[in-house]
Amino acid sequence: MPVSDISAALKQQVMDALQDATPLDILGSGSKSFLGHARHEMQIDVSSNRGIVEYDPSELVLTARCGTTLQEIEAALDEASQMLAFEPPHFGSNATLGGTIACGLSGPRRPYSGSARDFVLGCKLLNGHGEILSFGGQVMKNVAGYDVSRLMAGAFGTLGILLEVSLKVLPRPPASITVARECSPAEAIASMSALLGKPYPVDGACYHGDKCYVRISGSAQAVREARNKIPGDEIPDADALWHALREHELPFFGGHLRNGNGALYRIMVKPAAAPLHIEGSWLLDWGGAQRWLYSDEDIGTIRHRVKLAGGYVSMFRNDARDNSRMDQTEVFEPLSPPLLKLHHRIKAGFDPKNIFNRGRMYADL
Amino acid sequence: MPHQHEKIAAPATESNNRLIGALRSFLPPESVLADAEDLHPFECDGLAVYRQLPMAVVLPETIQQVQKIMQLCHAHQVPVVARGAGTGLSGGALPLSDGVLLSLAKFKNILHVDPHNGMATVQPGVRNQAISEAAAAFGLYYAPDPSSQIACTIGGNVAENSGGVHCLKYGLTVHNILMLKVVTMEGELLTIGAETLDSPGYDLLALMTGSEGMLGIIVEVTVKLLPRPERAQVVLAAFDDVEKAGKAVGAIIAAGIIPAGLEMMDKPAIRAAEDFVHAGYPRDAEAILLCELDGTNAEVSEYILAVRKILNGSGATEVRTAADEAERQLFWKGRKSAFPAVGRISPDYYCMDGTIPRHQLPRVLRRIGEMSKESGLAVANVFHAGDGNLHPLILFDANREGELHRAEELGRRILELCVEVGGTITGEHGVGIEKIDAMCTQFRGAELNQFHAVKAAFDPAGLLNPGKAVPTLHRCAEFGAMHVHHGQLPHPELERF
């Protein structure tokens, strides 16, 4: 794999764009370009800023340039029996580290191990003044200055270009099994949320196709012990199931392609929240805390119902929809007016000319 | 750390009197303090070498009162410093002579424990340990456990992003909270984060955590609760060489084991602790490691065996597993008493809080040893070895001419060393006023400017805890000049804000 540091060239491109405030669309591999709003004509390709900069397994820290593919990072970790514990979805074979952090997405292990942002320790950032800045570092504990590195996770590149990220990594559990049992959605929610309060080594729980699946991972002893406390039958080829869930490759996620209408919504609720009565098909992940819905219902109606249950909604995929700002529907949950005002001020503090991924998250942000 | 001197309150001005009058118009009389004798209990936090009387202290008990206080102070352009239990170790809650000190001491209710969703909503003045006590009935607890957990409050924990001895496995405050209610300097009430695992928009929860009262007043906190592990067990290992102990730490982690706690102490710290609490530590060891494993019963047994094998293989002179819960508590008591134990053998000590990449430990300890000899001041080291957070305790006697100054100088050099090896000037105690100059070593002007831009987004008027946490570039320029003058302050009569 080629290794290159193109931060100087990227800085020059940003300086040029700043001259006449040209909006820039930050592009890694493009694997998550379906998320959020707006494409701009001028792209800044960061995918060749790549290479693992530092990785010492006994430090539990990996630092890489942001164009490095997740695949390469996971292969390096795998050799040392370690992993990215937030189990990031790739959504494409060349998914990059930068895009993964910028989108802030996490996989099935998230409720048990933490999210993408939880594992961010530091970053190198190119801001909207054309400055290259370093925040955080390569150590677990660091309270010097505001936590700008974690702010970048889930900011969709609107605050600057991530050049380099340091992540905490963890050992891969030596043993793992998955058990499944048939039940109703309500029973699945009850048992998955009850497991969140039990000291068992569970690191995945989902419900789809009338079955509740629970993944148990840890030392061989711990897995054996927990196996006897969690109901269900052990399933073969469990890795394929969790991989397909993480990558949205289960048949459930292909539903919209066949019908051609409806959208995929990501619904965040408290894990124990009762099943929501919204027409469509459902898949529950994260022990009930993240729920996927394919529905033809109006997004306003969905938002209203979810809000009543104490949650919020993002429109995750809608192939029929125009992704540009022509469509004014907010893809992400709208913010309260005082919070939105604060977001604008923060954005202005990093990117005063509003050149980075303008409008990707919210209008004008 | 400055030379200790106490300052008197600023003389009452007409404008201040008007503000105090306005505060008294809606707060009960006992909730607005403005007489010097009432102000004294608030003059410092846990770093008592810095003292300052505020113009006034307010003790609101509702969010609406906090909002009104902030609106008034904003209108009068008076700075506000928030305070929890005042146990902070970096002077973050040090009052300002022309400012209002806002105490959250009356916000001490646990509002809601939700065992089904593993969360609790509490007011900011609730003590850290009280949350775990309230959750215990459900087999749950709140994981971060700073050593001051009996007294420190959750609001202060959020402001400082407090850690504890279990950070490597369970994370810091930032990993264990879900939602905050925050009042801005302008008096606006914001909800940051959500009761769900993720929340929409920017991760402002990360920005607020560890922001040291610079961005907003925390008036409500929703924390995550975790299931209490079935079993915890601790192994004590002794070494005749600090380097071997350091390598053993790396070997445990390389074996794929994440201990719940992994602590190291060097000889001076071992002896002080042993003499104080008789924890059964080997007094002749150059270093000891305490390795705690938690999880299910069988899992802990399996890992204890593995860890013992690694420790023996790393050249430990002795490996002991706590025989029972009482001995486990005793092993921990020694470690947790290390600071007061050092306080017994030295009239004063200065606690540092650097973090370093773990493999740099031998080099850093060797350099600290050399610098300690050069300065003529002894140093005892306790180390959160799992996450690289080092607490060198510099022993000195403030009554001896020049020793405080030498301790400060040695502390400054230790922090510079931490930055030099790729670490940071503060792992968990915060910058506050204490390490404001060290920030100039860690960050360049461009990063500091970015921090100021973040601050301005939340607090455009710059009235929240001004002068703490992030130095001005002007200040760093002056600090740079101090280096040239061998640490001699150009204007010792000036406050070092």
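The values are calculated or read from the model by the stated rules, or taken from the named source; none is laboratory data. Just so it is clear, the model here is predicted, and its values are computed rather than measured. Here the Cβ positions follow ideal geometry from the backbone for every residue, glycine too, while neighbour counts run over all protein chains shown.
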Next on the checklist: Regarding region A:350-357, can at least one residue be identified that is within 19 Å of B:Asp203 (Cβ to Cβ), over 20 Å from the mean Cα position of the chain (by Cα) and within 9 Å of chain B (Cβ to nearest Cβ)?
Outcome noted: yes
Item to check | Index of the failed condition, A:Ser295 passing every other in (1) within 30 Å of B:Gln450 (Cα to Cα); (2) within 23 Å of the chain's Cα centre (by Cα) | outcome: (1)
Checklist outcome for this item: Residue set A:Ser106, A:Ser149, A:Ser134; condition of a type outside the set (D, E, K, R), within 10 Å of chain B (Cβ to nearest Cβ) and under 12 Å from the mean Cα position of the chain (by Cα); output residue A:Ser106
Checklist entry - Taking B:Gln65 and the conditions (1) within 30 Å of B:Ala136 (Cβ to Cβ); (2) polar (S, T, N, Q); (3) in contact with a helix residue (DSSP H, G or I) (Cβ under 9 Å, 6 or more places away or on another chain), which numbered condition does it fall short on, given that it satisfies the others? => result (1)
Item to check | region B:213-271 - residue that is in contact with a Lys or Arg (Cβ under 8 Å, 6 or more places away or on another chain), among the charged types (D, E, K, R) and more than 14 Å from chain A (Cβ to nearest Cβ) and, of those, surrounded by the most Cβ atoms within 10 Å (Cβ to Cβ) | outcome: B:Glu220
Item to check | Single unsatisfied condition, B:Tyr303 versus (1) closer than 24 Å to B:Phe339 by Cα; (2) within 14 Å of another protein chain (Cβ to nearest Cβ) | outcome: (1)
Item to check | Filtered residues of region A:66-104 (kept if touching a Ser or Thr at 6+ places or on another chain (Cβ under 8 Å), among the polar types (S, T, N, Q) and under 20 Å from A:Arg172 (Cβ atoms)) | outcome: A:Thr68, A:Thr69, A:Gln71
Checklist entry - Can you name every residue in region B:112-137 that is in contact with an Asp or Glu (Cβ under 9 Å, 6 or more places away or on another chain) and either of a type in the set (A, V, I, L, M, F, W, C) or part of a helix (DSSP H, G or I) (or both)? => result B:Met119, B:Ala120, B:Val122, B:Asn128, B:Gln129, B:Ser132
Next on the checklist: Quick check on region A:83-94. Is at least one of its residues under 13 Å from the mean Cα position of the chain (by Cα), more than 10 Å from every other protein chain (Cβ to nearest Cβ) and charged (D, E, K, R)?
Outcome noted: yes
Next on the checklist: Condition (residue is under 14 Å from the mean Cα position of the chain (by Cα) and either surrounded by fewer than 24 Cβ atoms within 10 Å (Cβ to Cβ) or more than 12 Å from chain A (Cβ to nearest Cβ) (or both)) applied to region B:184-191: is it met by at least one residue?
Outcome noted: no
Next on the checklist: If I filter region A:301-337 down to residues being closer than 21 Å to A:Lys32 by Cα and not in a loop (DSSP other than H, G, I, E, B), which single residue comes out as modelled with the lowest pLDDT?
Outcome noted: A:Arg317
Checklist outcome for this item: The residue that is surrounded by the most Cβ atoms within 10 Å (Cβ to Cβ), considering only those in region B:98-146 that are closer than 23 Å to B:Gly213 by Cα and small (Gly, Ala, Ser), is B:Ala120
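Can you say whether A:Ala85 is in contact (Cβ under 8 Å) with a residue 60 or more places away in the chain, of a type outside the set (Phe, Trp, Tyr), buried (at least 21 other Cβ atoms within 10 Å of the Cβ) and more than 20 Å from A:Leu27 (Cα to Cα), as far as the supplied structure shows?
Details: in contact (Cβ under 8 Å) with a residue 60 or more places away in the chain: yes; of a type outside the set (Phe, Trp, Tyr): yes; buried (at least 21 other Cβ atoms within 10 Å of the Cβ): yes; more than 20 Å from A:Leu27 (Cα to Cα): yes.
It is true that A:Ala85 is in contact (Cβ under 8 Å) with a residue 60 or more places away in the chain, of a type outside the set (Phe, Trp, Tyr), buried (at least 21 other Cβ atoms within 10 Å of the Cβ) and more than 20 Å from A:Leu27 (Cα to Cα).
For (1) assigned to a helix (DSSP H, G or I); (2) within 7 Å of chain A (Cβ to nearest Cβ); (3) hydrophobic (A, V, I, L, M, F, W, C), each residue gets a yes or a no:
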{"residue": "B:Val431", "(1), (2), (3)": "no, yes, yes"}
{"residue": "B:Glu434", "(1), (2), (3)": "no, no, no"}
{"residue": "B:Asp437", "(1), (2), (3)": "no, no, no"}
{"residue": "B:Cys440", "(1), (2), (3)": "yes, no, yes"}
{"residue": "B:Glu447", "(1), (2), (3)": "yes, yes, no"}
{"residue": "B:Val454", "(1), (2), (3)": "yes, yes, yes"}
{"residue": "B:Lys468", "(1), (2), (3)": "no, no, no"}
{"residue": "B:Pro471", "(1), (2), (3)": "no, no, no"}
Checklist entry - Just one of A:Ala363, A:Ala273, A:Ala309 is crowded, with 21+ Cβ neighbours inside 10 Å and under 27 Å from B:Lys181 (Cα atoms); which is it? => result A:Ala273
Next on the checklist: Just to verify a result, which residue in region A:28-44, among those that are modelled with pLDDT of 90 or more and touching a Gly at 6+ places or on another chain (Cβ under 8 Å), is surrounded by the most Cβ atoms within 10 Å (Cβ to Cβ)?
Outcome noted: A:Gly28
Next on the checklist: Condition (residue is at pLDDT 95 or above and assigned to a helix (DSSP H, G or I)) applied to region A:139-148: is it met by at least one residue?
Outcome noted: yes
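Hey, could you check region A:170-202 for residues that are among the β-branched types (Val, Ile, Thr) and either surrounded by fewer than 21 Cβ atoms within 10 Å (Cβ to Cβ) or within 11 Å of another protein chain (Cβ to nearest Cβ) (or both) and say which is nearest to A:Ile235 (Cα to Cα)?
A:Val179
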Next on the checklist: Looking at region A:270-300 only, could you name the residues that are part of a loop (DSSP other than H, G, I, E, B) and either within 17 Å of A:Ala194 (Cβ to Cβ) or within 14 Å of another protein chain (Cβ to nearest Cβ) (or both)?
Outcome noted: A:Lys270, A:Pro271, A:Ala272, A:Ala273, A:Ala274, A:Pro275, A:Leu276, A:Ala289
Next on the checklist: I'd like to check something: does region B:397-407 contain any residue that is surrounded by fewer than 24 Cβ atoms within 10 Å (Cβ to Cβ), touching a helix residue (DSSP H, G or I) at 6+ places or on another chain (Cβ under 6 Å) and assigned to a helix (DSSP H, G or I)?
Outcome noted: yes
Checklist entry - Would region A:103-117 turn up any residue that is aromatic (Phe, Trp, Tyr) and either within 22 Å of B:Lys224 (Cβ to Cβ) or free of Cβ contacts under 8 Å to residues at least 24 places away in the same chain (or both)? => result yes
Checklist entry - So which residues in region B:9-50 are in a loop (DSSP other than H, G, I, E, B) and either of a type in the set (A, V, I, L, M) or touching a Leu at 6+ places or on another chain (Cβ under 8 Å) (or both)? => result B:Ala9, B:Ala10, B:Ala12, B:Leu27, B:Ala34, B:Glu43, B:Cys44, B:Asp45, B:Gly46, B:Leu47, B:Ala48, B:Val49
Checklist entry - In this structure, does A:Thr158 turn out to be in contact with a Lys or Arg (Cβ under 8 Å, 6 or more places away or on another chain) and closer than 20 Å to B:Leu204 by Cα? => result yes
Checklist entry - Does B:Lys181 fit the bill of being of a type in the set (Lys, Arg), over 18 Å from B:Ala456 (Cβ atoms), in a strand (DSSP E or B) and out of contact with any Phe, Trp or Tyr (no Cβ under 8 Å at 6 or more places or on another chain)? => result yes
